[in-house]
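A quick write-up on the structure given underneath.
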Amino acid sequence: MCPHAAIRPYLATSVTLQGAPESVIGKPANSKEMAGHQYFMQVSPLDCTGCGNCVDVCPTKVKSLTLTPLETVGTAELRKFEYLAALPEPEVEVNPTTVITSQFKKPLFEYSGACAGCGETPYIKLVTQLFGDRMMIANATGCSSIYGGSAPSCPYTTNGKGQGPAWANSLFEDTAEFGYGMALAG
Ligand code: SF4
Ligand code: SF4
């Protein structure tokens, strides 16, 4: 649910963890789809906007997530994030009837310029985790077109195979026709 895909769960095997920094400490994943993996929850400290959504929804009685000033943890957390983010994507079968396994797929929409705590971007992120390698987006003008194409940066990205969403924006109220043209051209 992170609007910026700044906090993510990661999975790693003992093989992929060889040479990991000592501070990279996981826990055994406890579902059958993830057997043999270590589980991590890691934030990208330089991409977190501090919106607090993840802390608010954390369901444990004593919060497992807390917000901490960047200057006190930034360097250590950045090192952990860079290590985990560079790991190969785990081969986990995604069950389309639950949201959990989808979260181990790389989001193909990340670090957008939407407002901190935006309620719209988590849905876009989830759709790219399910279908992003073959998505074509005809984006009507609105918030999603602004944070979706804030030149010179772009929050849409690719998976390890170089596949990701194709995106274009249409101004005014012609999006359906615009998307139809994209579909015909594709
Ligand atoms: S505080 Fe907000 S931006 Fe930062 S990781 Fe949590 S949900 Fe994401
Ligand atoms: S104004 Fe737009 S970008 Fe900001 S929170 Fe609302 S939907 Fe998200």
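Can you name every residue in region 95-115 that is under 15 Å from the mean Cα position of the chain (by Cα), in a loop (DSSP other than H, G, I, E, B) and at negative phi?
Hits for region 95-115 are 99, 100, 105, 106, 107, 108, 110, 112, 113, 114.
Picking from 33, 71, 82, which residue would you name as being in a helix (DSSP H, G or I) and surrounded by 14 or more Cβ atoms within 10 Å (Cβ to Cβ)?
It is 33.
Hey, can you tell me all the residues within region 150-166 that are within 25 Å of residue 105 (Cβ to Cβ) and surrounded by fewer than 18 Cβ atoms within 10 Å (Cβ to Cβ)?
150, 153, 154, 157, 158, 159, 160, 161, 162, 163, 166
Given the condition within 16 Å of ligand 2 (Cβ to nearest atom) and not aromatic (Phe, Trp, Tyr), answer yes or no: does some residue in region 59-78 qualify?
No; the residues of region 59-78 include none that is within 16 Å of ligand 2 (Cβ to nearest atom) and not aromatic (Phe, Trp, Tyr).
Is it true that residue 118 is touching a strand residue (DSSP E or B) at 6+ places or on another chain (Cβ under 9 Å), over 30 Å from residue 37 (Cα atoms) and either in a loop (DSSP other than H, G, I, E, B) or charged (D, E, K, R) (or both)?
In short, no.
Give me the pairs: first residue in region 115-126 and farther than 16 Å from residue 149 by Cα, second residue within 10 Å of ligand 1 (Cβ to nearest atom) and outside any loop (DSSP other than H, G, I, E, B), beta-carbon distance under 8 Å, and six or more apart or on different chains, which are they?
117/53
With the structure loaded, tell me whether residue 44 is away from ligand 2 (no atom under 16 Å from the Cβ) and loosely packed, with under 13 Cβ neighbours inside 10 Å or whether it fails that test.
no
Quick note: the coordinates plus some simple rules give every number you see, no bench work behind them. Remember, predicted model here, so these are calculated numbers, not experimental data. Reconstructed Cβ throughout: ideal geometry from the backbone, glycine too, with neighbour counts over all protein chains shown.
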